1. Enumerate the pairs (first residue in segment 41-66 and on the phi < 0 side of the Ramachandran plot; second residue anywhere and outside any helix (DSSP H, G or I)) with beta-carbon separation below 7 Å, excluding pairs fewer than 6 apart on the same chain, so at least 6 apart or on different chains.
2. Which of the residues spanning segment 44-89 are aliphatic (A, V, I, L, M), in a helix (DSSP H, G or I) and either touching a Lys or Arg at 6+ places or on another chain (Cβ under 8 Å) or modelled with pLDDT of 65 or more (or both)?
3. Among the listed residues Gly29, Gly49, which satisfies the condition of being under 16 Å from the mean Cα position of the chain (by Cα), of a type outside the set (A, V, I, L, M) and surrounded by 11 or more Cβ atoms within 10 Å (Cβ to Cβ)?
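The values are calculated or read from the model by the stated rules, or taken from the named source; none is laboratory data. Here the structure is a predicted model, which is why all the values come from computation and not from measurement. Cβ: placed from backbone, ideal geometry, glycine included. Neighbour counts: every protein chain shown.
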Amino acid sequence: MQIVLIGWAYVVVLMAGVEAFGPDGSVLGAIVTLLLWGVLPLSVVMYIGGTRSRARMRARRAAQASRDVDPGGGGETAGDAVAPVREET
């Protein structure tokens, strides 16, 4: 998939170059061509293409968080860390 993205970016850069340096072209037209034909579609395709990896990363973080919650594995709450002070009578 990355080779397709690189190829599309190459074509868009060439289109923007022709727009900028052509006889009836302008730099503003080249910038608009680069944004609307290049950056916007490539960002959408990359976002959709990264869905599986984001889901795997989210599942990995959730599994790690569930292991961190109960390190002892006993399911019991911890007692007081400091023993209460006894008063002598």
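1. Gly49/Met1
2. Val44, Val45, Met46, Ile48, Ala55, Met57, Ala59, Ala62, Ala63, Ala65
3. Being under 16 Å from the mean Cα position of the chain (by Cα), of a type outside the set (A, V, I, L, M) and surrounded by 11 or more Cβ atoms within 10 Å (Cβ to Cβ) holds for just one of Gly29, Gly49, which is Gly49.
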